[in-house]
1. State which residue pairs qualify: first residue closer than 11 Å to Ser106 by Cβ and aliphatic (A, V, I, L, M) and inside segment 31-49, second residue exposed (fewer than 15 other Cβ atoms within 10 Å of the Cβ) and modelled with pLDDT under 90 in any location, beta carbons under 8 Å apart, and separation of 6 or more residues or different chains.
2. Please work out which residue is surrounded by the most Cβ atoms within 10 Å (Cβ to Cβ), limiting yourself to segment 1-45 and to residues that are farther than 20 Å from Trp87 by Cβ and of a type in the set (Phe, Trp, Tyr).
3. Do any helices (runs of 4 or more DSSP H) lying entirely in the chain carry at least 1 residues that are charged (D, E, K, R) and modelled with pLDDT of 80 or more, and which ones are they?
Amino acid sequence: MNVFVFYAHVLFKSMGFGNNASLMSALITSIVNFCATLVSIATVDKYGMRTLFLEGGLQMLLCQLVMTVSIASKFGTSGNPGELPLWFSMLVVIAMCVYIAGFAGSIGLVSS
C-alpha cells in the first residue's frame, strides 16, 4: 500500500495524466480507500473479519499480478513504453483502485 501512496503520482504521470498526476492520484486513492472502508465496516458483522481478510488478500494478489504483467508487457526492459493507449492506462488505474479497496476492506479493518 505504501508504494501506491508514495509512487502513485509517478504511475499516473507515466499513464498520461500529465501535470495533474499528483492531484489525481491523491484524490482517486483517497476516495477509493474511504469508500472501501465504509463498505467493510458495514459488512464485517455479516461476513466476519476472517472472510474479509482472506478476500482482500486474494483481491490484492490478483491485482498485483494484473498490474505486473501489464506494465512489464508495455515497458519491458527498455523502460520506454512510447505512447500508451487509453484502455491500457484505465486497466492499470482500475487494478490499482481494486487493490486499494482490497487493502482497505481487509488489512485496514483488521489493524484498526
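1. Hits for this filter: Met49/Val110.
2. Among them, the one singled out is Phe4.
3. Values: elements: 2-12, 21-47, 49-75, 86-105, 107-111.
Of the helices (runs of 4 or more DSSP H) lying wholly inside the chain, those with at least 1 residues that are charged (D, E, K, R) and modelled with pLDDT of 80 or more span 21-47, 49-75.
The values are calculated or read from the model by the stated rules, or taken from the named source; none is laboratory data. What you see is a predicted model, and the numbers here were worked out from it, not measured in a lab. A quick note on method: Cβ atoms are made from the backbone with ideal geometry, for glycine too, and the neighbour counts reach across all protein chains shown.
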